[in-house]
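A.B. asks: My questions will all concern the structure given below.
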Amino acid sequence: MPEFHRLRVAEVVEETADARSVVFDVDTTRLPYRPGQFLTLRIPSDRCGSVARAYSLSSSPVTDGRLAVTVKRTADGYASNWICDNVTAGTEIDVLEPAGVFTPKSLEEDLLLFAAGSGITPIMSILKTALATGSGKVVLVYANRDEKSVIFARELTELTAAHPGRLVVLHWLESVQGLPTPEALQSLAGAFPDREAFLCGPKPFMDATRRALREAGFAKSAIHLERFASLAGNPFDTATPADASTEQNGPEDTESDAPEDAVVEVTIDGESHTFTWPADKRLLDLLKENGIQAPSSCSEGICAACECRVTEGEVTMVNNQVLEQEDLDDGYRLACQSLPKTPKVKVDYD
Ligand SMILES: Cc1cc2nc3c(=O)[nH]c(=O)nc-3n(C[C@H](O)[C@H](O)[C@H](O)COP(=O)(O)OP(=O)(O)OC[C@H]3O[C@@H](n4cnc5c(N)ncnc54)[C@H](O)[C@@H]3O)c2cc1C
């Protein structure tokens, strides 16, 4: 069962005309996180009680004392506008524990970062943390509509001055250069091979950048994407206050006599595990119930954090809003949405 924390807002910073940073009166000792992770906020609603929305932490767990998220207004969006219009110092907001897998394995390596618009938020956290703790070089390609819409412009200028040999920021302004072209993205990608690449921004930007990286020779495993989308469900419906929760839930019984049950062999972190897989159980739930720490995030089929590869047999995905035909052809599936389709399935996370 998820746990939530009630956090007090310390201050709200106006970053641009339509983006605000919400700085919480809490530090990493109470809520530890990795750069690139996000918080899920409970936003009150007269219509349904509340809605849940994910916002990436724009703060660094190393250089910033307090946790912050940065929210950009979505046209006709409910939660983003509610936050920008209503949240002030002193507002209390319920948040789930930091989550997400959009985080570098090593902050020592050189990084290639691509951000567009509000996609800068998790990238900013990664960038600040890598500069503070690692020794690698960082290139950021940052696309925006125009100069006025550049979130963190001043902070990026200061960081570039503070780390002249390590940080290069390439601003791409649509008002000046038009949309980033595939050729430009490919030549940028090709100039920095052998790096881990992190991408965050609107779908067309991520699609074009990912294609450019693939064409420049980047392995799929070296390309990391964070996709922004609104959650359909509300995890706060079953969440409990962090301080009040004492009960531990043990694994449920996953045995079933149903004839449709399959057998799944899962390879993860160099180890193989075999389980009976009930026909109506999602793969991610099965793994979690059996104590396997499989990566996951939204659990709704919109973020791809739980993507794994089916190497034998087949699964049925209940919902897939993120994997493309190229991914499906390569055998990638979403564990949070996968039910068994054949009696024997092999899945590889490594
Ligand atoms: C991992 C992750 C990280 C993200 N990080 C960021 C970030 O750093 N910064 C950022 O800006 N965004 C981020 N997002 C996107 C963010 O979660 C939201 O999707 C975005 O802010 C748009 O939400 P919205 O409610 O404003 O718009 P929408 O979701 O488009 O709002 C419309 C929806 O709200 C419902 N609605 C309308 N009125 C009401 C009402 N009164 N009560 C209840 N529901 C209503 C409608 O039915 C409709 O479903 C992230 C998303 C993910 C998944």
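The values are calculated or read from the model by the stated rules, or taken from the named source; none is laboratory data. Because the structure is a prediction, the values reported are computed rather than measured. As a convention, Cβ positions derive from the backbone with ideal geometry for all residues, glycine included, and neighbour counts pool all protein chains shown. All accessible areas refer to the heavy atoms of the entire protein, side chains included, with ligands and DNA or RNA removed. Shrake-Rupley method; radii C 1.70, N 1.55, O 1.52, S 1.80 Å.
A.B. asks: Express in nm, to one decimal, how much length is gained between Glu215 and His163 on full extension, taking 0.36 nm for each residue of separation and deducting their alpha carbon distance. Could you put the intermediate results ahead of the total?
C.D. replies: On the way: separation 52, 0.36 × 52 = 18.72 nm, distance 3.04 nm.
Fully extending the segment from Glu215 to His163 adds 15.7 nm.
A.B. asks: Output the pairs from Lys203/Lys341; Lys128/Lys288; Lys148/Lys220; Lys105/Lys128 with a Cα-Cα distance over 25 Å in this structure; if there are none, say none.
C.D. replies: Working: Lys203/Lys341 30 Å; Lys128/Lys288 32 Å; Lys148/Lys220 34 Å; Lys105/Lys128 15 Å.
Listed pairs above 25 Å: Lys203/Lys341; Lys128/Lys288; Lys148/Lys220.
A.B. asks: I've got another one for you. How much accessible surface does Val322 have with a 1.4 Å probe, in Å² rounded to 10?
C.D. replies: 10
A.B. asks: Just to be sure I understand the model, the point goes 7 Å from the Cα along the line to the Cβ. What's the resulting Asn81 to Arg47 distance in nm?
C.D. replies: Here the modelled spin labels are 1.0 nm apart.
A.B. asks: Given 0.36 nm per residue, what is the gain on full extension from Asp25 to Leu328 after removing their alpha carbon distance, in nm?
C.D. replies: Numbers: separation 303, 0.36 × 303 = 109.08 nm, distance 4.31 nm.
Net length gain for the segment: 104.8 nm.
A.B. asks: While we're on this one: Which angle between 0 and 90 degrees, to the nearest 10, do you get for helix 182-191 versus the longest principal axis of the chain when only C-alpha atoms count?
C.D. replies: Roughly 90 degrees between the two axes.
A.B. asks: What is the mean projected area of the alpha carbon convex hull for segment 111-226, to one decimal in square nanometres? Don't jump to the answer; show the numbers that get you there.
C.D. replies: On the way: hull surface 26.3 nm².
Over every viewing direction, the Cα hull of segment 111-226 projects on average to 6.6 nm².
A.B. asks: Given a 1.4 Å probe and heavy atoms of the protein chains only, how would you sort Leu107, Leu41, largest accessible area at the top? Don't skip to the end; give the middle numbers.
C.D. replies: Details: Leu107 45, Leu41 0 Å².
Correct descending sequence by accessible area is Leu107, Leu41.
A.B. asks: Grab the alpha carbons of segment 256-348, take their convex hull, and tell me the volume per residue in Å³. Present the calculation step by step, with values, prior to reporting the outcome.
C.D. replies: Values: hull volume 7.9 nm³, N = 93.
Convex hull volume per residue, Cα atoms: 85 Å³.
A.B. asks: Counting only protein heavy atoms, what percent of the accessible surface of segment 256-348 is carbon or sulfur at a 1.4 Å probe? Before the final figure, lay out the partial values.
C.D. replies: Numbers: 1830 of 4400 Å².
For segment 256-348, the apolar C and S fraction of the accessible surface comes to 42 percent.
A.B. asks: If you line up the long axis of helix 120-133 against the longest principal axis of the chain, both from Cα atoms, how many degrees apart are they, to the nearest 10?
C.D. replies: 80
A.B. asks: Can you tell me the accessible area per residue over segment 3-100, all protein chains present, probe 1.4 angstrom, in square angstrom? Could you put the intermediate results ahead of the total?
C.D. replies: Details: 4270 Å² over 98 residues.
Value for segment 3-100: 44 Å² per residue.
A.B. asks: What ranking do 295-303, 153-161, 116-124 get when scored by the average of other Cβ atoms within 10 Å per residue, highest first?
C.D. replies: Working: 295-303: 21.0, 153-161: 14.2, 116-124: 27.2.
So the peptides 295-303, 153-161, 116-124, ranked by packing, come out 116-124, 295-303, 153-161.
A.B. asks: Using only alpha carbons, build the gyration tensor for segment 48-88 and give me the equivalent ellipsoid semi-axes, biggest first, whole Å.
C.D. replies: 23, 11, 10
A.B. asks: Using only alpha carbons, build the gyration tensor for segment 48-150 and give me the equivalent ellipsoid semi-axes, biggest first, whole Å. Walk me through the intermediate numbers first.
C.D. replies: Working: eigenvalues 145, 61, 28 Å².
Rounded to whole Å, the semi-axes are 27, 18, 12.
A.B. asks: Over the chain, what is the relative contact order in percent, taking alpha-carbon pairs closer than 8 angstrom and at least six residues apart? The partial results should precede the final answer.
C.D. replies: Details: 747 pairs, mean separation 51.8, N = 350.
Contact order relative to length: 15 percent.
A.B. asks: Same structure, new question: Gain in length, Ser135 to Ser187, computed as 0.36 nm per residue apart minus the alpha-carbon separation, to one decimal in nm? Mind dumping the intermediate values first?
C.D. replies: Values: separation 52, 0.36 × 52 = 18.72 nm, distance 2.49 nm.
Here the answer is 16.2 nm.
A.B. asks: With each label point set 7 Å from Cα along the Cα-Cβ vector, what nm distance links Glu312 and Val13?
C.D. replies: If labels sit at Glu312 and Val13, their model points lie 5.3 nm apart.
A.B. asks: Work from the charge dipole of the chain (Cβ charges, +1 for Lys and Arg, -1 for Asp and Glu, about the Cα centre) and give the residue of Asn144, Asn86, Val23 farthest towards its positive end.
C.D. replies: Asn144
A.B. asks: Could you pull out which residues in segment 274-293 have an amide N less than 16 Å from a spot 7 Å beyond the Cα of Thr342, following the Cα-Cβ vector?
C.D. replies: Only 277 pass the distance filter.
A.B. asks: Accessible area of segment 128-211 with a 1.4 Å probe: how many percent of it is carbon plus sulfur?
C.D. replies: Values: 2470 of 4250 Å².
Result for segment 128-211: 58 percent of the exposed heavy-atom area is carbon or sulfur.
A.B. asks: Another question, then. How long are the semi-axes of the equivalent ellipsoid of the chain, taking √(5λ) for every eigenvalue λ of the Cα gyration tensor, in whole Å from largest down?
C.D. replies: That gives 34, 27, 18 Å for the three semi-axes.
A.B. asks: What spacing in nm lies between the two simple spin-label points modelled at Ala232 and Asp280, each 7 Å away from Cα in the Cβ direction?
C.D. replies: That separation, rounded to one decimal, is 1.9 nm.
A.B. asks: So how do Leu131, Leu328 rank on accessible area, 1.4 Å probe, biggest first, that is with the largest at the start?
C.D. replies: On the way: Leu131 10, Leu328 40 Å².
Of Leu131, Leu328, the descending order of accessible area is Leu328, Leu131.
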